[in-house]
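One structure is given here, and the rest of the page talks about it.
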Amino acid sequence: MKLYHFLMELLFPPKCVLCRKLLKDGEMDLCGACRVDGPEYPNRKIKLPFLDSFAAVWYYEGNVRSSLLRYKFYNARSYSVSYGRILAMKLLREYPEGFDILTWVPVSRLRRLRRGYDQVELLAKAVGAELGLAPVPTLYKIRNNRPQSRMKDPAARKANVLGAYRVLETADVKGKRVALLDDILTTGATAGECARMLRMAGAKEVHCAAVAAARK
C-alpha cells in the first residue's frame with residue numbers, strides 16, 4: 001500500500017485544489033499562497049428565506065470559481081476530498097454546537113446520469129468523514145429543471161426551483177438540527193427551497209454550508 005501511494009504521488013504529484021500548482025512538502029490541499037490569499041468568506045450569515053443561517057469557505061470568484069467548475073463539469077471529482085476537509089473545518093469553527101443530521105442538495109437523476117456523479121453527495125461524504133457524522137439522504141429532485149447557473153434573475157431562479165424537491169419518506173428530520181450542504185451558493189434559491197421542504201417535514205433548524213458563495 002505504501003508503495004502504491006508512493007507511485008501515485010510520483011506519477012500524479014499533489015496539486016493545489018485552487019491554482020493547481022504543485023504542493024510543497026508539508027502542504028495539503030492548498031498551496032501557501034492560496035491558503036493566505038484565497039477570497040475567504042466571512043462568518044456565517046442569516047439572510048436567506050427558510051434558512052437559519054448559511055456559511056461558505058470562499059467567495060465564488062477567481063481560482064475558486066475555476067476550481068469548482070472543474071469539479072462540477074470536468075470530472076475533477078477527487079477535489080471532493082480537499083473541499084471536504086476545508087469545509088469541515090469551517091463548520092467546526094462556525095457551528096461548534098454541531099448537528100443532528102448532515103445532508104445535501106441532490107442533483108436530478110438525469111443530471112447525475114449525464115455527469116456520472118453527484119458532486120454535492122461526494123462533498124457530503126468527505127465532510128462527514130472529517131466530522132465523524134455519516135451524511136444522510138433526505139431529499140430527491142422530482143424534475144430536471146433548467147440549470148440555475150444559466151439564469152441571472154433572482155426571481156427567475158426562485159421560480160425555477162419551486163416544487164422541484166421532495167423529502168424522502170425514509171428521512172427522519174422531525175425536531176432535528178440539519179446541516180444542508182451545497183457546492184455553490186449564489187442567490188440561495190435552491191438551498192432555500194430545500195430548506196422549505198425540510199421545515200415542512202418538521203426540521204427544527206436548517207443551516208446551509210457551501211464551498212463558495214457569491215459576493216452579492
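The values are calculated or read from the model by the stated rules, or taken from the named source; none is laboratory data. The structure displayed is predicted, hence computed values, not measured ones. Because the Cβ atoms are built from the backbone with ideal geometry, glycine has one as well, and the counts that use them run over all protein chains shown. Calculation scope for accessible area: heavy atoms of the full protein, side chains included, ligands and nucleic acids excluded. Shrake-Rupley method; radii C 1.70, N 1.55, O 1.52, S 1.80 Å.
Given Tyr79, Tyr71, which one is of a type in the set (Phe, Trp, Tyr), over 28 Å from Asp172 (Cα atoms), modelled with pLDDT of 95 or more and open to solvent by less than 10 Å² (accessible area, probe 1.4 Å)?
On the way: Tyr79 fails: open to solvent by less than 10 Å² (accessible area, probe 1.4 Å).
The unique qualifying residue is Tyr71.
Under 6 Å by Cβ, and 6 or more places apart or on different chains, what pairs join a residue from the stretch 197-216 that is in contact (Cβ under 8 Å) with a residue 60 or more places away in the chain with one that is of a type in the set (D, E, K, R) and part of a strand (DSSP E or B)?
From residues that are in contact (Cβ under 8 Å) with a residue 60 or more places away in the chain, the pairs are Glu205/Arg177; Ala210/Asp182; Val211/Asp183.
How many of the residues in the stretch 191-211 are under 15 Å from the mean Cα position of the chain (by Cα) and crowded, with 24+ Cβ neighbours inside 10 Å? Please lay out each step first, then the result.
Initially, the stretch 191-211 is screened for residues under 15 Å from the mean Cα position of the chain (by Cα), giving 191-192, 194-195, 206-211.
The next check asks that each one be crowded, with 24+ Cβ neighbours inside 10 Å; those that pass are 191, 194-195, 206, 208-211.
Qualifying residue count for the region: 8.
If a residue must be under 15 Å from Ala179 (Cα atoms) and out of contact with any helix residue (DSSP H, G or I) (no Cβ under 8 Å at 6 or more places or on another chain), how many such residues does the stretch 109-123 contain?
So the count comes out to 2.
Find the residue count for the stretch 37-68, including only residues that are touching a His at 6+ places or on another chain (Cβ under 7 Å) and open to solvent by 30 Å² or more (accessible area, probe 1.4 Å).
1
So which pairs qualify, if the first residue must be in the stretch 1-28 and surrounded by 10 or more Cβ atoms within 10 Å (Cβ to Cβ), the second must be at pLDDT below 90, the Cβ gap must be under 8 Å, and the two must be at least 6 apart or on different chains?
Matching pairs, first to second residue: Leu22/Pro13; Leu23/Pro13.
For the stretch 61-138, give me every one of the helices (runs of 4 or more DSSP H) that falls completely inside it and has 2 or more residues that are touching a residue at least 40 places away in the same chain (Cβ under 8 Å). I'd like the intermediate steps shown before the answer.
Values: elements: 62-73, 79-94, 109-115, 119-131.
The qualifying helices (runs of 4 or more DSSP H) are 62-73, 79-94, 119-131.
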